[in-house]
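Notes follow the structure.
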Amino acid sequence: MGVRIHPSWEKVLQSSFAAPYFEELIAFVKQEYQQTRCYPPGKAIFAAFDHCHFDNIRVVLLGQDPYHGPRQAHGLSFSVPQGIAHPPSLINIFKELESDLGHSYPTSGNLTPWAEQGVLLLNATLTVRAHQAGSHQGRGWERFTEEVIRCLSAQKKELVFMLWGGYAKKKQPLIDASKHCILTSGHPSPLSANRGYWFGNKHFSKCNAYLTAHGQAPIDWQLP
């Protein structure tokens, strides 16, 4: 599938890549990509790890599944390639960004500039069948991404973890709250946001306040 991953992750993920469950997972994924349409494109499955170097991570933004519509998913949680219409959750993320920081609403839904500043845009499951949400859950991806979260919690300090929605909040026990900042809220999907569980969480400003207070540069959340 020609996947790309930044070399800074190789030692960190070596034991996961060598585990029997991961070999089974990759065999399943390869078969799925050969037999049916899946997202994201094979080369972008590990895009979150390619754009965000392990040494530079400051923020972890956890999603659930890749988008399962045509041309939407490109390996970064909540992100879509430039020129693709913004999905409802991303629209609400940008609305909160406007409200929280006064940024103008972005033209592009591509969040790569966030990733390149150290925001790990990680989905719990890294692949999905076209038009079948959750179709690759329970195959091993969750075990892999939970190991990533544990590793980040153990090996890093003063990260900001953004956990949006019930699924992401379940990962909270994997994180050492004594050395990291954990921000939780409802999911930005319309179902949650329209019930008052998303808007007004001010996670973007809270994240930058924490980073600044711990001697780190803030994230420039403004997008083109």
Some residue of region 49-69 being closer than 22 Å to Ala154 by Cα and of a type in the set (Asp, Glu): yes
Unique match (being part of a loop (DSSP other than H, G, I, E, B) and either among the aliphatic types (A, V, I, L, M) or open to solvent by 10 Å² or more (accessible area, probe 1.4 Å) (or both)) among Ser104, Ser79, Ser89: Ser104
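The rows are residues; the columns are (1) among the aliphatic types (A, V, I, L, M); (2) touching a residue at least 60 places away in the same chain (Cβ under 8 Å).
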site: His6; (1), (2): no, no
site: Glu10; (1), (2): no, no
site: Pro20; (1), (2): no, no
site: Ile26; (1), (2): yes, no
site: Glu32; (1), (2): no, yes
site: Pro40; (1), (2): no, yes
site: Pro70; (1), (2): no, yes
site: Gly75; (1), (2): no, no
Sole exception among (1) farther than 20 Å from Trp198 by Cβ; (2) open to solvent by 20 Å² or more (accessible area, probe 1.4 Å) for Ala130, by number: (2)
Residue that is most open to solvent (accessible area, probe 1.4 Å) [pool: residues in region 181-205 that are modelled with pLDDT of 95 or more and more than 16 Å from Phe94 (Cα to Cα)]: Thr184
Search result, residues across region 37-57 that are aliphatic (A, V, I, L, M) and assigned to a loop (DSSP other than H, G, I, E, B): Ile45, Ile57
Residue satisfying all of: in region 154-166; open to solvent by 10 Å² or more (accessible area, probe 1.4 Å) and at pLDDT 95 or above; nearest to Gly215 (Cα to Cα) among these: Glu158
The lone exception for Ile219 - which of (1) within 22 Å of Pro87 (Cβ to Cβ); (2) open to solvent by 70 Å² or more (accessible area, probe 1.4 Å); (3) part of a loop (DSSP other than H, G, I, E, B) it fails: (2)
Among the candidates His74, His6, His53, residue that is farther than 18 Å from Gly109 by Cβ, out of contact with any Gly (no Cβ under 9 Å at 6 or more places or on another chain) and open to solvent by 30 Å² or more (accessible area, probe 1.4 Å): His6
Conditions (1) in a loop (DSSP other than H, G, I, E, B); (2) in contact with a strand residue (DSSP E or B) (Cβ under 7 Å, 6 or more places away or on another chain); number of the one not met by Leu152: (1)
Matching option when the condition is open to solvent by 10 Å² or more (accessible area, probe 1.4 Å) and more than 19 Å from the chain's Cα centre (by Cα), among Thr112, Thr36: Thr36
Residue satisfying all of: in region 167-180; assigned to a helix (DSSP H, G or I) and aliphatic (A, V, I, L, M); surrounded by the most Cβ atoms within 10 Å (Cβ to Cβ) among these: Ala168
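So that you can scan it fast, the table gives a plain yes or no per residue for (1) β-branched (Val, Ile, Thr); (2) out of contact with any strand residue (DSSP E or B) (no Cβ under 8 Å at 6 or more places or on another chain); (3) not in a strand (DSSP E or B):
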residue	(1), (2), (3)
Leu121	no, no, no
Thr125	yes, yes, yes
Lys157	no, yes, yes
Phe161	no, no, no
Pro188	no, no, yes
Leu191	no, yes, yes
Gly196	no, yes, yes
Gly200	no, yes, yes
Any chance Ala19 is under 20 Å from Ala124 (Cβ atoms) and either buried (at least 22 other Cβ atoms within 10 Å of the Cβ) or of a type in the set (Asp, Glu) (or both): no
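The values are calculated or read from the model by the stated rules, or taken from the named source; none is laboratory data. In this text, all values refer to a predicted model and were calculated from it rather than measured experimentally. Cβ atoms come from the backbone with ideal geometry, glycine included; neighbour counts cover every protein chain shown. For the accessible areas, the whole protein counts, side chains as well, though only heavy atoms, and no ligand, DNA or RNA atoms are used. Shrake-Rupley method; radii C 1.70, N 1.55, O 1.52, S 1.80 Å.
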